[in-house]
Amino acid sequence: MKFEKSLLHNKKAQAMVEFAIALPLLLLLLYGILETGRYLYLYSTVVTASRQAARYGSATGEGTTSNIPRYQDCAGMRTAANNVGFLGAFDAIDIQWDEGPQDTTPTTYCSGNPLPTTDTSLTSAMLSDNKHRVVVTVSKQFIPLVRLVPFTFNNIEATSSRTILSSVSIVVTVPPQLIVQDPTNTVITLDDPDPSGLGQQVTINVTVTNANDPSSTPTGTVDVDGGEPGVSCQITLANGSGSCVITYSTTGTKTITATYSGDDQHLASTDTEGHTVTFATTTTTITADTPDPSQVNGSVNVSVTVSSVWGTPTGTVSITGANTNCTITLTNGSGNCNVNFTSAGTKTLTATYNGDAEHLSSSDTEPHNVLAERVTITTITADTPDPSEVGQSVSVNVSVIGLTTPTGTVNITGADTNCSITLSNGTGSCNVIFNTLGAKTLTANYTGDTNHDPSSDTEAHTVALPSTVTTITDDSPDPSLTGDTVNVSVTVTGGSTTPTGTVTITGADGNCTISLTNGAGSCTVSFISSGSRTLTATYAGDSQHAGSVDTETHTVTAEPVAGCTSSAIVPGKFTKSGSTMSITLTNNLAANLQVQDVFIQWNHDKGHQTGSDKTLRLQSARIGSMTFWTGNNIGASLTIVPSPAAIITASGTSTITFTFHQSYDNWDNTEYISITLANPGCEQVTITQNQHQ
């Protein structure tokens, strides 16, 4: 037993001796692994730093220093290297440049003491051949944790170089973006005129709208094809619409096509419209009928022209209206022929163009006078102005015709101050004056001469009151405050005398009337509600002057109402009577209160009428006796903005009454009113009630 215990003790001692011998070797192995890892990490860092610095210096663009290219940005390249150095700064960062791998003697730059931030010795002109490289050498000394062989001090160095791409274009290809475009509706809204004639301009109107979103307006162009070779135009859209003009050179049925080309947000679309092209329209004109007047059985030469927007009309023109008529064969669109009259009187000549293969027919008429010997025709050719005013001079123009030129005088009558005309070449004028209003008749009496018999003519004429101009010259103060008086001054001018009478001022809550003195006057009005108002001055006229009107914009403001709270305006309970529902409002404030809006809710299916119609349609609302809303609303609720303004009287009680189209039968506790106020200081106040008696 003792021997076995001794043997066990000896084995433990042996293990301890063996561990003591192996431990230093294990520690040395562990240390070797650690230092090897540090060395490899530091080497990788140095290599990466040199690469990063070379990459920075060779890249295009500006460096960290403004307006300096990267290959001249020394500080930027050193920073790019140091950003990799997690174990501290590197011992040295040397920057050079060379002309490619074959260059064995790189040029040092970005060096000095202190180190420069930039170096412009390497210029862009030198880099045009794309051979120059940035060469960066980074070094860092490896220091072992424990100075044991083989881990001794060792300088780790790495060099990287990259070609400077100074003159190489960089092309970035952007993948196409998917743009969602909305469908559109293109509509030809007008092709005018339709039908059109050959050579006539046709206006094409087009609108293009977004089929999904009406608020999005298409832009771009619309190509219009007239359905005939060479007939087209283009529209540039403005607010989604536009127009252009086309002209046709052949007749027939055409199809107009409008093609919208689309834009970045809208798809293309088209529309078609039928159109008819007929022969070209023409204009026939009787240019002369000589002599006029003519004598009985005398020859009269009638000259005619026929024109068109399309070519020169050909063919014939028939002259009718005489006793012996004639036909003209057109030459270059015109011609003439002779007719004959066998009786005296005022005749009407008619020229009818009969059309040709490309032109429509047309016609013209011309009055013609045929006179017997000594017969004259007197005509009042003008009475200007007509209507005229009392006391205003009126010019009367007269012509007298005969087979020869009449001479002598024409007496003008029918006015209060008449006149006589001495003819010159058969015409003349003089002035008359009317002193009274109404419809008049002017008479021109030619007295005749040795070779001409007398004749006369009449002309209706109207005499009106002289016009006037009413002007509001002042409305002060403007702006005014509610409750203040505003002085309104007015002048009235016009006519040969000074206007008299009255001018009524309206548009305020308290209006007034002015009695004119020397054509002017003033009076005061008042406003109980705020807002923009329009004052109107209406002159009623007098026995010698016509009425007139003027308007003026006036602004009314309200002073803040002190103590304006919901408790200051007390609503009573709803009451009903017949077809009305009412509520009283007691205003405990010393200021009129203007209602901003009224929300009213009622029992709209409790009408008294028998049968199926139990609805209650609201037809009017009033405050006191002043109605501020009318309509025919079925409800069961409505928001009303009063017009004119609804005023809750200061320090008193006002009643709002709602009138329905039939009797109000029963309450059902849905009745409700909410009133907001417009006065400054009362904007946050709301008056409500949902109780009834």
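The values are calculated or read from the model by the stated rules, or taken from the named source; none is laboratory data. From a predicted model like this one, the values you see are computed outputs, not experimental measurements. FYI the Cβ positions are ideal-geometry reconstructions off the backbone, even for glycines, and counts take in every protein chain you see.
The set of residues from region 611-653 being within 30 Å of S526 (Cα to Cα) and β-branched (V, I, T) comprises I623, T627, T630, T639, I640, V641, I647, I648, T649, T653. Here Q689 fulfils each of the conditions (1) modelled with pLDDT of 90 or more; (2) within 30 Å of S532 (Cα to Cα); (3) surrounded by 17 or more Cβ atoms within 10 Å (Cβ to Cβ); (4) not β-branched (V, I, T) apart from (2).
Can you name every residue in region 225-280 that is β-branched (V, I, T) and not in a strand (DSSP E or B)? Outline the logic, then answer.
Kept after step one, since they are β-branched (V, I, T), are these residues of region 225-280: 231, 235-236, 245-247, 250-251, 253, 255-257, 259, 270, 272, 276-278.
Answer for region 225-280, where residues must be β-branched (V, I, T) and not in a strand (DSSP E or B): V231, T250, T251.
Can you pull out the residues in region 389-417 that are hydroxyl-bearing (S, T, Y) and either in a loop (DSSP other than H, G, I, E, B) or more than 28 Å from G494 (Cβ to Cβ) (or both)?
S399, T404, T405, T407, T409, T413
N113 meets each of the listed conditions (1) surrounded by fewer than 18 Cβ atoms within 10 Å (Cβ to Cβ); (2) in a helix (DSSP H, G or I) apart from (2). Among the numbered conditions (1) among the acidic types (D, E); (2) surrounded by fewer than 19 Cβ atoms within 10 Å (Cβ to Cβ); (3) within 49 Å of the chain's Cα centre (by Cα), the only one that E373 does not meet is (3).
Would you point out which residue out of T314, T305 is buried (at least 16 other Cβ atoms within 10 Å of the Cβ), on the phi < 0 side of the Ramachandran plot and not in a strand (DSSP E or B)? The conditions single out T314. Filtering region 671-681 for residues that are surrounded by 15 or more Cβ atoms within 10 Å (Cβ to Cβ), in the same structural domain as L585 (by TED's automatic domain parsing), touching a Lys or Arg at 6+ places or on another chain (Cβ under 9 Å) and of a type in the set (A, V, I, L, M) leaves an empty set.
Restricted to region 394-437, and to residues there that are modelled with pLDDT under 95 and of a type in the set (S, T, Y), the residue that is surrounded by the fewest Cβ atoms within 10 Å (Cβ to Cβ) is T436. Across region 250-276, the number of residues qualifying as closer than 30 Å to E358 by Cβ, out of contact with any strand residue (DSSP E or B) (no Cβ under 6 Å at 6 or more places or on another chain) and in contact (Cβ under 8 Å) with a residue 60 or more places away in the chain comes to 0. Restricted to strands (runs of 3 or more DSSP E) entirely inside region 451-553, those with at least 1 residues that are among the acidic types (D, E) and touching a His at 6+ places or on another chain (Cβ under 9 Å) are 469-476.
Say whether the condition of being in contact with a Leu (Cβ under 8 Å, 6 or more places away or on another chain), surrounded by fewer than 18 Cβ atoms within 10 Å (Cβ to Cβ) and under 30 Å from E373 (Cβ atoms) is met by at least one residue in region 442-455. For region 442-455, residues in contact with a Leu (Cβ under 8 Å, 6 or more places away or on another chain), surrounded by fewer than 18 Cβ atoms within 10 Å (Cβ to Cβ) and under 30 Å from E373 (Cβ atoms): absent. The residue list A280, A211, A238 contains one member that is touching a Phe, Trp or Tyr at 6+ places or on another chain (Cβ under 7 Å) and either of a type in the set (A, V, I, L, M, F, W, C) or at pLDDT below 95 (or both), which is A280.
Counted as qualifying within region 564-658 are the strands (runs of 3 or more DSSP E) with 1 or more residues that are in the same structural domain as V685 (by TED's automatic domain parsing), among the aromatic types (F, W, Y) and buried (at least 18 other Cβ atoms within 10 Å of the Cβ), namely 626-633.
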